[in-house]
1. For the stretch 113-136, state whether one or more residues are within 16 Å of the ligand (Cβ to nearest atom), aliphatic (A, V, I, L, M) and closer than 29 Å to PHE60 by Cα.
2. For the stretch 374-410, which positions are out of contact with any strand residue (DSSP E or B) (no Cβ under 9 Å at 6 or more places or on another chain), in a loop (DSSP other than H, G, I, E, B) and either among the acidic types (Asp, Glu) or modelled with pLDDT under 95 (or both)?
3. Does PHE301 meet the test of being outside the structural domain of TYR457 (by TED's automatic domain parsing), modelled with pLDDT under 95, assigned to a helix (DSSP H, G or I) and in contact with a Gly (Cβ under 8 Å, 6 or more places away or on another chain)?
4. Just for strands (runs of 3 or more DSSP E) wholly inside the stretch 489-573: which have at least 1 residues that are modelled with pLDDT under 95 and within 32 Å of the chain's Cα centre (by Cα)?
5. Answer yes or no: is there a residue in the stretch 412-433 that is touching a helix residue (DSSP H, G or I) at 6+ places or on another chain (Cβ under 7 Å), modelled with pLDDT of 95 or more, of a type in the set (Val, Ile, Thr) and closer than 22 Å to THR620 by Cα.
6. Does ASN144 meet the test of being within 16 Å of the ligand (Cβ to nearest atom) and within 26 Å of the chain's Cα centre (by Cα)?
7. Can you work out which of the residues in the stretch 471-520 that are out of contact with any Phe, Trp or Tyr (no Cβ under 6 Å at 6 or more places or on another chain) and polar (S, T, N, Q) is farthest from ASP237 (Cα to Cα)?
Amino acid sequence: MTREVATPQWVYDGFLMLQAAESVQFGYPNGFATVETPKNIQERLDPQMANRLSDQGVGFVILGGPIGAGMKEDLKIFLANKPLAQALKAKGIRRVLYVNTIGMIFSAPFFAEHPDAVNWVQRTSTGERPIYYTNWQYFIPCLNNDHFMAYTRSMLKTVMKEMEPDGIFTDNYGYYSYSCFCDHCQTKFREYLYKKYPDPQSREDRFGFSSPLDYVTPPPFRPWGLGNTSPHTGIPDTNLVLEPLTQEWIRFRCQRLGQVTSELNQVIKECNPNAIFFVNYVYGGAPGINCAVFHGLWPEFVYPHSDLISAEVAGPPSIAPGGAVQGRNLLMKVAKHYHIPLSTCSSFGLPLKDYKRIYLAEGIAFNTAPIDLIGEIKRENPPQWMRDYRNFYEKNKNRIGHASTVADCAVLHNFETLSFTYTYPQESLVLCEQSLIQGNITFDIIFDRDIDRLDNYRCLFLANVLSMSESLVKKIVDYIHRGGAVIATEDTSALNERMLPWKGEWLKLQKSRLLADLLKLDWPKEGLVCRQIGQGRVVFLAEIKRPWNRDAARGEADQTQTPSPLVQGSHSCGPDMPMLTGTPALAMNHREILEAVDYSLQNRRTIRIEGPENLVAEVTRNDKGYFVHLLNWREDQPVTEVKVSVRLPDGDRIETIELLSPDRETASQILNFVTKNGYAEFLVPNLLCYNIFILK
Ligand SMILES: [Zn+2]
């Protein structure tokens with residue numbers, strides 16, 4: 001994926017990060033303050049803080065900035081930072097300013113400065129002004145309002161000029177609603193539709209009427225889409241977005257937010273080409289959430305225009321009660337696809353002595369560069385192991401950093417499938433990716449635009465990709481004929497890009513999958529079907545078996561059922577949305593998923609580990625070498641004598657395997673190995689949390 005902005009190179013340095021959170025302007029109006037707050041703020045603004053942070057190994061600080069209260073009030077906050085910002089700069093610590101760009105308007109001070117701004121805010125279908133979550137003092141601005149966007153650009157310019165920061169961290173990035181009915185949204189939505197459907201015939205084909213679009217309104221989302229299942233296919237998602245206008249609105253909003261991201265980053269780069277635009281992306285875009293509807297966010301539109309993405313809400317690595325190894329590595333893969341790091345927040349308040357090593361190890365292994373927010377600016381000293389991890393990356397970044405994954409598979413995240421449904425394909429995707437992670441199958445996440453570069457991969461994984469255009473399916477069939485392998489599950493390719501089934505008539509249930517039809521194969525009713533097609537291979541998997549059942553008692557092992565992990569997410573305006581923020585357990589047919597992968601790869605996976613399922617591997621390479629990362633999610637249970645078998649790059653011979661570890665308990669050493677059938681086999685003497693093996 002090529003970058004659309006020139007991301008400054010310093011972002012790849014790897015950081016421990018802190019944030020200044022106390023503020024009078026945010027604390028007092030909300031009652032989130034104490035009598036001592038002004039004194040606390042003064043302490044945190046003391047330029048001496050720079051020495052303390054430098055001693056702690058902190059290299060990146062988010063300082064308080066505009067909170068959406070208007071320039072007069074906001075200037076007070078960020079100008080107070082100036083002496084500290086200068087002291088930090090002298091110590092080589094990166095300073096980024098916290099800014100509310102599009103998230104909220106703090107009504108009383110903002111409107112006092114800009115009386116016209118009462119009309120810059122969003123409107124519901126009944127004309128009300130939605131508020132930010134439950135906070136009645138904050139309204140949600142509309143990013144289709146040109147006056148508001150002009151204010152935001154000018155505010156950013158002032159901040160960049162006055163403070164000369166290393167970048168802007170934008171919090172609350174998204175719409176905080178499902179729809180806006182202000183005049184600007186209605187006008188811009190109609191313009192978007194006219195551009196796409198300029199003539200009566202194209203409108204008739206899409207909407208069932210050829211009339212002008214001047215009375216089209218955004219959808220109210222009460223309830224979702226039609227609020228029922230497909231009348232033609234019986235696809236089991238109770239909230240399919242089938243109406244064309246709702247589909248178009250969802251895409252329009254996402255595209256618009258991408259455009260806004262590009263514009264705002266441009267403002268920053270014009271002020272300082274070496275400054276970053278750092279976006280707090282809701283949930284980091286977890287695949288189990290329909291973020292396109294929830295917040296107007298889709299990676300293909302936002303990531304190419306951002307320099308750093310924050311997944312603040314995706315909590316620290318853990319092992320779920322059902323045995324699933326959880327973390328932020330899926331989100332790191334999305335960011336890696338766009339060649340930028342993901343910034344994680346392992347915990348804001350947890351004492352650093354209670355942090356686990358895996359919190360940082362995950363970022364070194366899976367992220368383009370490790371960046372973790374470890375709390376508030378006045379933090380206790382980091383434990384020795386945390387300094388060791390930071391120093392380890394600092395010492396080795398030029399060797400192991402900036403590496404791409406040696407991927408067995410590409411997993412497709414398709415816009416329509418994940419934006420026009422709420423649970424069914426999301427569950428399948430999360431479960432399949434979890435199986436790949438715990439089966440140690442290396443993979444990349446790809447998006448629709450990447451379908452023309454499939455030849456970079458040995459296998460394409462289509463996890464219940466319901467919605468696919470005919471041209472997309474044809475490209476995949478061509479890839480198979482060229483020798484590629486495809487795994488497709490459940491209802492993959494059952495609907496076209498408009499969510500229409502390929503066949504069927506009124507009130508007659510019929511399901512056909514274009515991928516199977518074009519390959520002249522039957523879809524299995526259960527289990528899996530593996531077929532060689534010319535040089536290529538295809539596997540159809542009838543079902544990804546959910547490891548949960550709403551009525552079942554919580555399971556204790558991987559293959560038993562747990563209660564449904566579906567939760568209801570809500571934000572400022574509109575009904576709750578069902579979402580899956582992670583899976584508690586592996587799919588019931590986890591072994592079958594791995595069997596499908598092994599068939600597709602002709603049993604030539606990149607890596608095999610003989611050890612417990614809480615060991616996770618990643619294989620990366622750059623022009624400096626080939627790296628095997630091995631992580632133990634249960635660092636309180638170190639393991640020894642783990643057998644690793646790693647596929648050598650075609651034609652390569654290796655001379656040494658060197659073990660490096662940020663764990664001071666694990667000594668660096670050269671390992672013995674044997675090569676067999678294009679694989680190197682070796683024994684890991686011991687693994688506490690994180691080892692890297694460098695193959696040369
Ligand atoms: Zn609007």
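1. no
2. Across the stretch 374-410, the qualifying residue is only GLU380.
3. No.
4. In the stretch 489-573, the matching strands (runs of 3 or more DSSP E) lie at 567-569.
5. The answer is no, given that none of the residues of the stretch 412-433 is touching a helix residue (DSSP H, G or I) at 6+ places or on another chain (Cβ under 7 Å), modelled with pLDDT of 95 or more, of a type in the set (Val, Ile, Thr) and closer than 22 Å to THR620 by Cα.
6. So ASN144 fits the description; yes.
7. Among residues in the stretch 471-520 that are out of contact with any Phe, Trp or Tyr (no Cβ under 6 Å at 6 or more places or on another chain) and polar (S, T, N, Q), the one farthest from ASP237 (Cα to Cα) is SER471.
Residues are listed down the side, and each one gets a yes or a no for (1) in a strand (DSSP E or B); (2) more than 31 Å from the chain's Cα centre (by Cα); (3) of a type in the set (A, V, I, L, M, F, W, C); (4) at positive phi:
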{"position": "ARG608", "(1), (2), (3), (4)": "yes, no, no, no"}
{"position": "GLU635", "(1), (2), (3), (4)": "no, no, no, no"}
{"position": "GLU655", "(1), (2), (3), (4)": "no, yes, no, no"}
{"position": "LEU659", "(1), (2), (3), (4)": "yes, no, yes, no"}
{"position": "PHE682", "(1), (2), (3), (4)": "yes, yes, yes, no"}
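The values are calculated or read from the model by the stated rules, or taken from the named source; none is laboratory data. Please read all numbers here as calculations on a predicted model, not as lab measurements. Cβ atoms come from the backbone with ideal geometry, glycine included; neighbour counts cover every protein chain shown.
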